[in-house]
Amino acid sequence: MRANKDINSNEIARLAGVSRSTVSRVINNYPNVPPETREKVMKIIEQYNYFPNISAQVLAGKRAKSIGVFLVARGQFSSDILTNLLITSVIEGASDCGYYAVTNIIRNIKDPESIKIVKEMFFQRRIDGGIFIGTNNHEPLIEELIAEGFVVGVVDQDLPGRSEPNRVVFNVANEEGSVQAVDYLVSLNHRNIGIINGEMNRYAGPSKFQGFIKGMKKHHLTVHNNWILPGDFTTEGGYHAAQTLLKKSKQLPTALFAANDSTAFGAMKAFEEHGINIPEDLSIIGFDDHTLSRYIKPALTTIRVDFAQMMQDLSKKLIEVIESEAKNPFTKVKVTTQLLVRDSCKPISDTQ
């Protein structure tokens, strides 16, 4: 049954034979309403499929029972399974708490019109808080919203000294996971190891690189500058990084650590085009455990992150902070990683 747009709370009160304030108390589940009165009002509401005016509720200080999900994405994301998993997991977590999730794609977070749209959602109270995915480590828009008292969740951020109770941060254990990757390659007797980095303005980029350096130092291995390749966490970035390596380096590493699986996919494509076989000629390990990683040929060895659970937990924690009115301490959670061994890495002999 469709909602009756012509009926309002005054009409509901008239039909139920009660005051408008009584209808309001029923809608907002106030305890001081006699059961028989509540039942009578709810029967009329259900009969006419009436929904209260959310804007009026917000003006009266009620929550919108919605959170925003803001994805910073320059290119197309609709076909990216991992991105869709992140968004779906937030929606599921919010739904479990009785909240809706409103999604918004930000193509350019520096664009004034994009900033205006995001701010309006917060300041007009259309959402009670928001989660940002894919932003720079320090993002002025996020800092402004937090300073205004809005509850904001961020995926991957490290800003020492910023510990406001309305800031919720979930970080992947990027450094530890990168050390895991190097440890595994060394266990296969690799000594000449390179890296395709991620975007270095984001927290995940430098933290993974620091983990790579830490892992190399742990095993007393030389870090070759010409095997440190720039990337941006995309398949295209991985492809171009591998092409650059093939053009400029006279000697290839025996193994590469890619900052994420999408980067590894692109690199593998470039190596295939140049007749370099994975893992016979070069081993490669990724990070994230993208849904496609187990299905490509060869299946990608990777450092797994349980993104579905992470995003559900983040949305639930955000709502917990919203409902506590940011009275809880600052929330910062580190999500652990796990090595998944598949087919894209192989041991090498001491002579290689």
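Based on what the data block shows, is residue 216 part of a helix (DSSP H, G or I) and either within 20 Å of the chain's Cα centre (by Cα) or of a type outside the set (Lys, Arg) (or both)? Yes, satisfied.
Look at residue 142 and say whether it is crowded, with 21+ Cβ neighbours inside 10 Å, free of Cβ contacts under 8 Å to residues at least 60 places away in the same chain and outside the structural domain of residue 209 (by TED's automatic domain parsing). Here the answer is yes, as residue 142 does meet what is asked.
Tell me, please, whether a residue that is of a type in the set (Phe, Trp, Tyr), within 24 Å of residue 158 (Cα to Cα) and assigned to a helix (DSSP H, G or I) can be found in the stretch 237-258. No: zero hits.
Would you check which residues across the stretch 336-352 are surrounded by 14 or more Cβ atoms within 10 Å (Cβ to Cβ) and modelled with pLDDT under 95 and list them? The answer is 348, and nothing else.
Return the total of residues in the stretch 145-157 being over 20 Å from residue 63 (Cβ atoms) and surrounded by 15 or more Cβ atoms within 10 Å (Cβ to Cβ). So the count comes out to 4. Tell me, yes or no, whether the stretch 336-343 has at least one residue that is in contact with a Phe, Trp or Tyr (Cβ under 9 Å, 6 or more places away or on another chain) and assigned to a strand (DSSP E or B). Within the stretch 336-343 (the criterion being in contact with a Phe, Trp or Tyr (Cβ under 9 Å, 6 or more places away or on another chain) and assigned to a strand (DSSP E or B)), the answer is yes, since at least one residue qualifies. Per the listing 187, 178, the residue uniquely among the hydroxyl-bearing types (Ser, Thr, Tyr) and touching a Lys or Arg at 6+ places or on another chain (Cβ under 6 Å) is 178. The requirement of being touching a Gly at 6+ places or on another chain (Cβ under 9 Å), of a type in the set (Ser, Thr, Tyr) and not in a helix (DSSP H, G or I) is fulfilled somewhere in the stretch 100-107, by at least one residue. Name the residue that is surrounded by the fewest Cβ atoms within 10 Å (Cβ to Cβ), counting only residues in the stretch 297-306 that are outside any loop (DSSP other than H, G, I, E, B) and touching a residue at least 60 places away in the same chain (Cβ under 8 Å). My answer is 301. The residue that is farthest from residue 293 (Cα to Cα), among those in the stretch 222-244 that are in contact with a Phe, Trp or Tyr (Cβ under 7 Å, 6 or more places away or on another chain) and touching a residue at least 40 places away in the same chain (Cβ under 8 Å), is 242. Just one of (1) touching a Leu at 6+ places or on another chain (Cβ under 6 Å); (2) not assigned by TED's automatic domain parsing to the domain that holds residue 290 fails for residue 274. It is (2).
Those residues that are more than 15 Å from residue 46 (Cβ to Cβ), at pLDDT 75 or above and assigned to a loop (DSSP other than H, G, I, E, B), I need them from the stretch 2-21; list them, please. Scanning the stretch 2-21 gives 8, 17, 18, 19.
Evaluating residue 89 against the criteria (1) over 20 Å from residue 331 (Cβ atoms); (2) among the hydroxyl-bearing types (Ser, Thr, Tyr); (3) buried (at least 20 other Cβ atoms within 10 Å of the Cβ) leaves one unmet condition, (1). Within the stretch 280-293, the set of residues being among the charged types (D, E, K, R), in a loop (DSSP other than H, G, I, E, B) and surrounded by 18 or more Cβ atoms within 10 Å (Cβ to Cβ) comprises just one member, 289. Scanning the stretch 158-190 for residues that are assigned to a loop (DSSP other than H, G, I, E, B) and more than 22 Å from residue 324 (Cα to Cα) returns 158, 159, 160, 161, 173, 188, 189, 190.
Okay, residues lined up against (1) over 25 Å from the mean Cα position of the chain (by Cα); (2) in a strand (DSSP E or B):
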site	(1), (2)
271	yes, no
295	no, no
308	no, no
322	no, no
327	no, no
334	no, yes
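Just a yes or no: is a residue in the stretch 314-326 of a type in the set (S, T, N, Q), within 30 Å of residue 66 (Cβ to Cβ) and surrounded by 22 or more Cβ atoms within 10 Å (Cβ to Cβ)? Yes, the stretch 314-326 contains at least one residue that is of a type in the set (S, T, N, Q), within 30 Å of residue 66 (Cβ to Cβ) and surrounded by 22 or more Cβ atoms within 10 Å (Cβ to Cβ).
The values are calculated or read from the model by the stated rules, or taken from the named source; none is laboratory data. Note that the coordinates shown come from a computational prediction; the quantities given were computed from them, not determined experimentally. A quick note on method: Cβ atoms are made from the backbone with ideal geometry, for glycine too, and the neighbour counts reach across all protein chains shown.
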